[in-house]
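Read-outs: derived from the displayed coordinates by stated rules, not from any lab. These numbers come from a predicted model, not from an experiment.
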Amino acid sequence: MNTVTTENIEHVASGEGTRPRSCVLCLRTDRPMTREHVFAHWLVRQVHGGRLVPSRPSSTAPTRIGRVIANVCAECNAGWMSGLEVSFRSAMFARPRVGAIHPQDRVIVSRWFTKTAVLLAEANGGALIGAAHRAQLVRGMPDDVEVFLARRRRPRQQLDFALDAMADGDRGALRVRSVAILVDDLVGQVAARGTLASRHGTRLWPLRSHTIRWETLPVRAP
């Protein structure tokens with residue numbers, strides 16, 4: 001994975017600092033806010049990730065991956081995000097990952113990786129894509145996002161993430177250029193459209209007409 005930036009995860013997870021007045025996803029300000037685990041409990045259990053920390057942390061006391069928190073409104077949390085988790089679980093784990101990745105599963109997997117990447121950026125005090133495009137996640141996929149998918153052969157752990165990020169000038173904000181997320185043996189890389197190269201894997205989103213198969217996804221080096 002790329003260099004992980006985790007300085008602000010402990011800050012957010014501990015409840016310190018100023019909470020956003022609007023939901024990072026739907027942007028609404030008239031809904032109660034909740035503190036959402038970026039990686040759902042079912043997924044942490046599925047990949048035995050309860051004790052895992054990022055493989056390349058920049059902090060001497062990194063937060064466990066299953067405890068990374070982001071702020072979203074209660075309506076997003078209990079609504080479309082909950083439904084997306086159910087669909088992602090089915091696409092990833094309900095049956096063997098062989099054969100063609102059907103278009104509906106490409107959308108589900110792309111949307112889950114993008115939602116998770118956006119929340120990881122927010123948990124670190126940064127932003128991956130602009131607010132208007134984040135809001136498009138409520139109903140589908142943002143216009144300006146690309147998602148690449150690859151496999152990792154015999155990964156050391158089955159849940160991991162990494163942010164390619166840098167400080168944004170004198171403002172102290174974090175500019176997140178891309179986010180890589182490892183789930184089981186699959187790596188999703190999410191970034192603004194046109195900023196990633198094919199070496200990150202097969203482009204899963206935007207959709208293309210040619211067939212993509214689970215078992216022929218390119219293998220990424222550790």
| request: Would you mind checking which residues have amide H under 5 Å from L186's amide H? H placed 1.01 Å from N; only 5 or more apart, or other chain. | output: R152
| request: Using only the alpha carbons, work out the radius of gyration and Dmax of the stretch 9-220 in angstrom. | output: 16.3, 49
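Answer rounded, prolate or oblate for the stretch 25-115, using the Cα gyration tensor with square roots of eigenvalues a ≥ b ≥ c: rounded when a/c is under 1.5, else prolate when a/b is larger than b/c, else oblate. If you can, show how the numbers build up before the last one.
Details: a/c = 2.13, a/b = 1.11, b/c = 1.92.
Judged from the Cα gyration tensor, the stretch 25-115 comes out oblate (a/c at least 1.5, b/c at or above a/b).
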| note | Taking only C-alpha positions in the stretch 102-199, Rg and Dmax in angstrom work out to 13.5, 45
